[in-house]
Amino acid sequence: MLLKNCKVLYKNKESIKDILVADGKIVKVYNCSEIEELDIDDIIDVDNNWVLPGVIDVHTHMRDPGLCYKEDFETGSKACAKGGVTTFIDMPNTVPNTTTKKILDDKEMNSKNRSYVDYGFHFGGSKLDNSGEIRKVKNRVASTKIFLNMSTGDMLVEEDKVLENLFKESKIVSVHAEEEMVDRAIDLARRFKTPLYLCHLSKKSEVEKLRAAKKEGLKIYGEVAPHHLFLNSSMANSLLMMKPELKEKSDNEALWLGLQDGTIDTIGTDHAPHTLEEKNLKVTYGIPGVENSLELMLKELYKKLDMKTLQNIMSKNPAKIFGIENKGKLEIGYDADLVVVDTTAKETIKNKDIVSKCSWTPYDGIVGGGKVLSTIVRGKLVYDGKNFIEKIGEGVSYKNV
Ligand code: DOR
Ligand code: ZN
Ligand code: ZN
């Protein structure tokens with residue numbers, strides 16, 4: 001495959017390049033002359049549109065298995081492809097919870113040939129202390145995910161001794177931790193020297209805790225979800241219920257600052273689809289996100305974010321933190337996971353266009369900052385701006401972090 005006339009950020013410079021792909025990898029980033037080549041059948045002229053490294057969303061709840069009436073691997077991965085997400089990592093609060101090797105084996109089997117984009121899994125830490133299971137699978141998963149607060153799915157872990165064992169055994173821990181639970185997680189990470197990933201920071205005080213922990217030299221990373229950047233409690237309604245809940249406008253600002261100064265490392269959507277019926281019937285925490293995160297973040301391009309920061313927080317840092325191999329950068333030797341975006345297209349996000357099985361978005365009516373024209377996974381076109389082409393997604397591998 002040859003992508004012609006790509007606007008790229010390459011070696012820290014904005015330029016127009018051609019990208020040659022072979023065997024799923026980026027092999028050349030150059031200005032190809034017409035006379036050399038071109039015995040390539042698959043040439044796409046992207047017409048000076050931006051080509052970014054594919055988005056890596058390490059925080060998704062695809063509901064498969066067990067809750068497939070909300071989302072499944074196929075529909076969730078479609079939503080990813082449409083949003084420019086070329087790799088997603090799935091959370092363990094599926095049914096049954098991903099807390100044993102056997103359940104992980106089954107989840108992996110069940111996902112084969114069903115995803116448009118590449119994927120991986122977080123393992124779940126259990127209140128019954130499944131550190132023995134963690135030992136068996138830790139090189140096959142992105143992290144051990146531990147819930148330190150109550151949320152959707154019954155995965156809360158409270159006991160000190162159990163938490164200590166889970167931290168001791170894990171390669172890296174991801175936590176759902178709010179407010180004082182952030183301190184508890186940081187303390188465990190400090191004591192057991194376990195790298196820690198703080199999911200969905202939502203509050204100024206939490207950003208400050210992360211900033212201090214980084215200053216101390218701890219291996220602690222932070223994520224923010226687009227809804228905690230773009231929405232706040234003044235907009236709250238029954239659909240906009242999630243954990244952590246929306247906070248104040250001043251928290252939105254502190255979170256943006258955290259991204260700008262490098263305190264917060266990643267964007268993770270916490271894609272948590274529920275049907276509208278469920279949301280309307282009773283308090284149900286979670287909102288979908290993968291389909292719109294890139295177009296939302298692009299709204300702030302050259303305002304709150306420069307192109308380098310955007311690529312760092314959406315692609316490079318997630319891959320680096322979890323050791324996802326060959327992904328996260330538009331560089332020679334890396335997987336050709338690429339997304340072509342027209343940053344001049346300002347399209348209104350609409351419920352009727354949503355391909356996630358839940359069929360709604362909290363961003364209905366908001367104008368996005370760009371349109372995904374193509375999504376390419378390991379050199380294969382999986383979405384062309386309209387159609388979903390092929391379910392070629394595979395499981396990712398991890399190196400030690
Ligand atoms: O709002 C949420 N929904 N927060 C979580 O932590 C879980 C998620 C879900 O799975 O629905
Ligand atoms: Zn959570
Ligand atoms: Zn979550």
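Bear in mind that the values in this text are calculations on the coordinates, not laboratory data. This structure is a prediction, so every number in the text was calculated from the model and none was measured. Note that each Cβ is placed from the backbone with ideal geometry, even for glycine, and that neighbours are counted across all protein chains shown.
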- Note on the structure: Expected vector for the range 128-145, Karplus 3J(HN,Hα) from phi with 6.51, -1.76, 1.60 and θ = phi - 60°, integer Hz, x for Gly and Pro, equals 7, 6, 9, 4, x, 5, 4, 4, 6, 10, 4, 7, 9, 10, 5, 6, 9, 9
- In percent, how large is the relative contact order of the range 108-235, given Cα pairs closer than 8 Å and 6 or more residues apart? 18
- Query: Nearest 20 debye, what's the magnitude of the dipole of the range 28-104 about its Cα centre given +1 on Lys and Arg Cβ and -1 on Asp and Glu Cβ?
  - Reply: 940
- Using θ = phi - 60° and the Karplus form 6.51 cos²θ - 1.76 cosθ + 1.60, what ³J(HN,Hα) does each residue of the range 340-346 get, whole Hz, x for Gly and Pro? 9, 10, 9, 7, 9, 7, 10
- Collect residues whose amide H, placed 1.01 Å from N in the peptide plane, falls under 5 Å from the amide H of SER143; neighbours closer than 5 in sequence don't count. PHE123
- Task: List, in order, the whole-Hz ³J(HN,Hα) value for each residue of the range 97-111 obtained from phi through the Karplus relation with A = 6.51, B = -1.76, C = 1.60 and θ = phi - 60°; use x for Gly and Pro.
- Result: 4, 7, 10, 10, 4, 4, 5, 5, 3, 5, 5, 5, 4, 5, 8
- Message: Quick check on my link table: of LYS25/LYS112; LYS107/LYS399; LYS78/LYS138; LYS203/LYS243, which ones sit more than 23 Å apart, alpha carbon to alpha carbon?
- Response: LYS78/LYS138
- Would you grab the residues whose amide H sits under 5 Å from the one on LEU373? Only those 5+ places off in sequence or on another chain, please, with H modelled 1.01 Å from N. VAL340, VAL341, ASP342
- Item | Alpha carbon centroid spacing (whole Å) that separates the range 307-338 from the range 95-154 | 23
- Task: Can you tell me the order of 215-227, 95-107, 151-163 when each peptide is scored by its average per-residue count of other Cβ atoms within 10 angstrom, highest first?
- Result: 215-227, 95-107, 151-163
- Query: Given LYS4/LYS329; LYS303/LYS350; LYS4/LYS380; LYS320/LYS391, which pairs have Cα atoms separated by over 22 Å?
  - Reply: LYS303/LYS350; LYS320/LYS391
- Note on the structure: Descending packing, highest mean Cβ count within 10 Å first, for 317-330, 5-18 is 317-330, 5-18
- Over the residues of the chain, compute the C-alpha Rg and express it relative to 2.2 N^0.38 Å. 0.94
- For the chain, modelled as a Gaussian network with Cα springs under 10 Å, which listed residue fluctuates most, THR87, THR60, THR348? THR348
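Counting other beta carbons within 10 Å of each residue's own, what order do TRP50, TRP360 fall into, fewest first?
TRP360, TRP50
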